[in-house]
Amino acid sequence: MIAPSILSADFARLGEEADRVDNADWLHVDVMDAHFVPNLTLGLPVVKSLLKSTALPLDCHLMIDDPDRWAPGYAEAGAANVTFHIEAARDAVQTARAIRAAGALAGLSIKPGTPIEPYLEVLREFDTLLVMTVEPGFGGQSFMSEVLPKVRRARNEVTAGHLRLFIEVDGGIALDTIEAAAEAGADVFVAGSAVYDAADPHAAVTALRDRARPAMNGTGTGSGSGSGETSG
């Protein structure tokens with residue numbers, strides 16, 4: 001599944017930018033508050049407007065303080081997947097349950113320096129694990145291959161039946177890096193500049209999907225059919 005990131009799109013034309021990638025599976029929305037990360041992007045009012053402008057499921061990645069308070073609102077608005085950071089959460093399980101109760105998939109994200117092992121039990125409450133392959137906060141960074149062991153560990157847990165979730169990677173995903181992420185076990189790929197800096201974003205989405213599919217090592221998706229269909 002390919003999830004173009006609108007962080008690399010033209011913010012003045014978000015509806016049109018979504019239309020340019022209508023062959024994507026999800027549309028990735030980075031919400032930043034200039035506190036948890038040193039950047040400020042957009043928030044719930046813009047997400048609500050975007051939901052009216054596209055049929056693509058919105059994959060909202062909340063890089064914010066106090067996600068326990070704010071995350072359920074994105075699910076209530078109609079986002080398909082709402083992901084927050086374990087490093088910012090006070091009660092990750094309660095927040096995941098609130099997101100699910102509001103009709104969305106619940107996602108947990110970890111920074112490159114955060115180990116996965118302490119959260120394997122907590123992940124039973126989630127539908128998506130987002131492994132950051134760059135430091136969160138800005139687009140256009142280089143892919144960090146050193147985090148791929150975390151993707152492999154998560155995939156092993158899914159294969160063993162201990163977890164049932166999508167494994168998503170975000171940061172530096174392009175034609176020259178997506179294969180490594182797919183081989184490690186990822187099945188959802190967030191791509192910003194690789195899509196929106198391309199002459200034809202629609203074709204870029206197809207090219208990324210075609211590059212990832214043969215490398216996926218037979219992993220498939222962890223909590224769905226792989227068609228991109230989600231609740232919300």
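Overview of results
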{"quantity": "Label-point separation, residue 91 to residue 13 (7 Å along Cα→Cβ), nm", "calculated": "4.6 nm"}
{"quantity": "Added length on full extension, which subtracts the Cα-Cα distance from 0.36 nm per residue, residue 210 to residue 46", "calculated": "55.9 nm"}
{"quantity": "Estimated [θ] at 222 nm from DSSP helical runs (n ≥ 4, -39500 (n - 2.57)) normalised by residues in the chain, nearest 500", "calculated": "-8500 deg cm²/dmol"}
{"quantity": "Stretchable slack from residue 202 to residue 68, in nm (0.36 nm times residue separation minus alpha-carbon distance)", "calculated": "44.7 nm"}
{"quantity": "Amide H within-cut-off set for residue 166, under 5 Å, with H built and near neighbours excluded", "calculated": "128, 129, 222, 223"}
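Throughout, read-outs are computed from the coordinates displayed, never taken from laboratory work. Quick caveat: nothing in here was measured; it's all calculated off a predicted structure. Cβ atoms come from the backbone with ideal geometry, glycine included; neighbour counts cover every protein chain shown.
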